[in-house]
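A short reminder: the numbers here are calculations on the coordinates, not readings from a lab. What you are looking at is a predicted structure, and each value in this text was computed from that prediction instead of being measured. Because the Cβ atoms are built from the backbone with ideal geometry, glycine has one as well, and the counts that use them run over all protein chains shown.
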Amino acid sequence: MDYPANFIHDIIEKDISDGVITKIHTRFPPEPNGYLHIGSAKAIRINFEAAKRYGGLFNLRYDDTNPEREEEEYVKAIREDIVWLTGEEPAGGVFFGSDCFEKCYEFAVKLIKDEKAYVCDLTGEEMREYRGTLTQAGKESPYRKRSVAENLDLFARMKGGEFPNGACTLRAKIDMTSPNMNMRDPAIYRINHTPHHRQGDRWCIYPLYDYAHPIQDALENITHSCCSIEFENHRPLYDWVVDNVFDNPTRENRPCQFEFARLNMTHTVMSKRYLRELVETGLVDGWDDPRMPTLSGLRRRGYTPSAIADFLDRAGYSKAQSVVAVDMLEHCMREELNASALRKVAVTEPLLVTIANFPDDKTETFSLPNHPGDPALGKRDMPFTKQIYIERSDFSDNPPPKFHRLKPGTEVRLMGAYIIKCDEVVRDVSGEIVELICTADIETGNGVPTDGRKIKGTIHWLSAAHCIDAEIMQYGRLFTEEEVGENYADFLNKDSAKKITGVKLEKSLESAKAGERFQFVRMGYFTPDTKNGGIFNSIVDLKSSYRPS
RNA sequence: UGUGGUGUCGCCAAGCGGUAAGGCAACGGACUCUGACUCCGUCAUUCGAGGGUUCAAAUCCUUCCACCACAACCA
């Protein structure tokens, strides 16, 4: 199929054809303050793919410039998710923004010497007042005119730990009247005595994102810095930093920022804050709960990196704010799994069927294809005995219109085996159907009836003597609403995870391994749970067009 | 009342002056030993709205309108 155009590709191709860039270099800069989700995957994909496509390099860089929010657990998880998603270690390397602290400090000293930065003693509240509003210009800080020498001294003392948190900041001297709020003398350094997850207490001053990010990009020789659209009005500041920190950077050796719209999906919350809340309040089974939109959750649920990439590419990389339907993601997964997943039989609600005219102790073997459309995937033997299980919902003694499955007195095909007819319905005292007595068309076997009669329905079955007991987790959508509103809790789908016990599975599933994906015939796609042995997680259901009406 | 950005089918999305691609969803129908898959068909006289330029406009000009982001010592 045709994928939507990717404007980043257009930009890069122009840069290459213009001869301004020879080696493409991109990066994905997550803050290690949570797990990556499918929204992050879009940023990874756009940066990774651009580098891959044009023979460049892709870096992973932890943007760890805020000691209060970052943890080692996330550092590890993020890397695993990226390697899983892209299928390789970041070719350009793995970096930490915090490793640039020394450089950032030197550049800040340079800015002070160039009279482009100053130490400001305004409190947070005062600074807000001085900044002005969206419609009113700000006014200059009284500390803006400090001498270079004084600024140098003060900044050194900030670094030396002389001041408490919040006592002062280093600010870029730009323009307090700029219509762009980001340019009104933004703070570029703040004091924070919280120990850093990698630097310990080596630093008590930390560069802010707008200052550190372009420096990190430049130091890593990033050519195309693709980020989401909320940073669009930060671009002038990004460029200001590059221009004022580095000497006459040309396009060849300067990073440029490009923006794309972030991913929103129906029935899905991307906010890390809320995802964390779900984890912390125990509403889900961790960041990798199979219902979570996190990469680890999707992975545990059985999603493949290729399906995610396909989905992302189909949704496209425009700048328009949008909400993509999860149906598209699910479609991509189904499409891949339909072509690759081995077919297996699972009977979720077993109903015993006795084949009256089948010998008591005989075990017959039928060979079923592992995949109806791909003979290369081989076959497997399915034992058949007098007593079998079928799906309770595949029988009805009060069938709705167009019910093509088993009903009293009519025939149905047991997939890959006999045609059977229901002769008798056995009930217990309460009236519940407990068993069906059927006869099989032994003569026809698993072939086509010679008298030309057509058998409309096919149902799946399992020999009662040759199956294993299992549990499966069936997952629905975590949220009930298409677009989840502010009060996320209101939209939580309480039935999004259902454990189904007493499930009968075909024997071959005994050796199923994590990472394998199967289609449980007529039901959906499943994979062994990587955390709980013996449980199968549903990846995505099969679509059904059966409408009794 | 500021700056930047975005508005093309229910949802994404191509298109970049030559007369509206594609995908998802939906709906018909065919096929089927998975009511799956596959297949075939239907689904924007119209591109946020109004004006203008042009033989020709979703594409150019213009005036509006709507939505998103920005006033952290977060990223």
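Report the Cα centroid-to-centroid distance between the stretch A:254-273 and the stretch A:65-103 in angstrom, as an integer.
Centre-to-centre (Cα) distance: 18 Å.
Ranked highest first by average number of other Cβ atoms within 10 Å, how do A:443-452, A:334-343, A:520-529 line up?
Top of the packing list down: A:520-529, A:334-343, A:443-452.
Which order, highest average first, do A:493-505, A:466-478 follow once you tally other Cβ atoms within 10 Å for each residue and take the mean per peptide?
A:466-478, A:493-505
How high is the FRET efficiency from A:Asp175 to A:Ala149, r the C-beta distance, R0 30 Å, rounded to 0.05?
0.80
For A:Cys168, what residues show an amide H to amide H distance below 5 Å, using hydrogens built from the backbone and excluding near sequence neighbours?
Long-range HN contacts for A:Cys168: A:Ile191.
Can you check how the C-alpha radius of gyration of the stretch A:484-549 compares to 2.2 N^0.38 Å, as a plain ratio?
That works out to 1.42 for the stretch A:484-549.
If we count every other residue with Cβ under 12 angstrom of A:Lys494's Cβ, Lys/Arg +1 and Asp/Glu -1, where does the sum land?
+1
Given a cut-off of under 8 Å on Cα pairs at least six residues apart, what relative contact order in percent is computed for the stretch A:41-175?
Reported relative contact order: 23 percent.
Label 7 Å along Cα→Cβ of A:Ala91; the stretch A:36-57 residues with amide nitrogen under 12 Å?
Residues A:48-57 fall inside that zone.
Quote to one decimal, in nm, the extra length available between A:Ser367 and A:Lys319 on full extension: 0.36 nm per residue of separation minus the C-alpha distance between them.
12.0 nm
Report, in whole Å, the centroid distance computed from the Cα atoms of the stretch A:337-378 and the stretch A:473-549.
Using only Cα atoms to place each centre, the spacing works out to 21 Å.
Amide H to amide H, which residues 5 or more places from A:Val484 or on other chains are under 5 Å from it, using H placed in the peptide plane?
Residues meeting the criterion, in which the H sits 1.01 Å from N, are A:His267, A:Thr268.
Express the relative contact order of the stretch A:243-333 as a whole percentage, based on alpha carbon pairs under 8 Å and six or more residues apart in sequence.
Relative contact order comes out at 30 percent.
Dividing the alpha-carbon radius of gyration of the stretch A:289-446 by 2.2 N^0.38 Å (N being the number of residues), what value is obtained?
1.42
With a point put 7 Å past each Cα toward its Cβ, work out how far A:Ile500 is from A:Val20 in nm, to one decimal.
Label at A:Ile500, label at A:Val20, 5.7 nm between them.
Give me A:Leu85, A:Leu492 ranked fewest to most by other Cβ atoms within 10 Å of their Cβ, as a rough exposure proxy.
Lowest count first: A:Leu492, A:Leu85.
Hey, fewest Cβ within 10 Å first, where do A:Leu509, A:Leu312 land in order?
A:Leu509, A:Leu312
If I fit a long axis through the Cα atoms of helix A:7-17 and take the longest principal axis of the Cα atoms of chain A, what angle between them do I get, 0 to 90°, rounded to 10?
60
Go through the stretch A:312-318 residue by residue and turn each phi into a ³J(HN,Hα) via Karplus (6.51, -1.76, 1.60, θ = phi - 60°); whole Hz please, and just put x for glycine and proline.
Residue by residue, the stretch A:312-318 yields 4, 5, 5, 5, x, 10, 8 Hz.
What percent of all Cα-Cα pairs in the stretch A:1-47 falls into each 5 Å bin, going from 0 up to the bin containing the maximum distance?
Going out from 0 Å in 5 Å bins, the stretch A:1-47 shows 5, 17, 20, 19, 16, 12, 9, 2 percent.
Taking amide H atoms as placed 1.01 Å from N in the peptide plane, list the residues 5 or more away in sequence, or in a different chain, whose amide H sits under 5 Å from that of A:Lys531.
none
Per 0.36 nm of contour for each residue apart, how much would the distance between A:Thr480 and A:Leu542 grow if the chain were fully extended, relative to their Cα-Cα spacing?
Here the segment from A:Thr480 to A:Leu542 would lengthen by 20.4 nm.
How are the alpha carbon pair distances in the stretch A:280-345 distributed across 5 Å bins from zero to the largest one, expressed in percent?
Going out from 0 Å in 5 Å bins, the stretch A:280-345 shows 4, 16, 21, 21, 17, 13, 6, 2, 0 percent.
Given A:Val94, A:Val75, A:Ile188, which one lies farthest toward the positive end of the charge dipole of chain A, if we put +1 on the Cβ of every Lys and Arg and -1 on the Cβ of every Asp and Glu?
The one lying farthest along the dipole's positive direction is A:Val94.
I need two numbers for chain A: Rg to one decimal and Dmax as a whole number, Cα atoms only, in Å.
Calculated on Cα positions, Rg and Dmax stand at 31.2, 104 Å.
For each of A:Val345, A:Val83, count neighbouring Cβ atoms within 10 Å of the residue's Cβ, then give the residues from fewest to most.
Sorted ascending by nearby Cβ count, the order is A:Val83, A:Val345.
At a threshold of 8 angstrom on Cα-Cα distance, excluding pairs fewer than six apart, so keeping six or more, what relative contact order does chain A reach in percent?
Normalised by residue count, the contact order of chain A is 12 percent.
Can you give me the Cα centroid spacing of the stretch A:189-210 and the stretch A:216-245 in angstrom?
Each part's Cα centre sits 21 Å from the other's.
For the stretch A:378-469, list log₁₀ I(q)/I(0) at each q in 0.16, 0.19, 0.20, 0.23 Å⁻¹, using the Debye formula over Cα point scatterers of equal strength and ignoring solvent, two decimals each.
Each listed q maps to, in turn, -0.69, -0.95, -1.04, -1.31.
What are the ³J(HN,Hα) values, in whole Hz, obtained from phi via the Karplus relation 6.51 cos²θ - 1.76 cosθ + 1.60 with θ = phi - 60°, for each residue of the stretch A:504-514 in sequence order, with x given for Gly and Pro?
9, 10, 5, 3, 4, 7, 4, 9, 4, 10, 3
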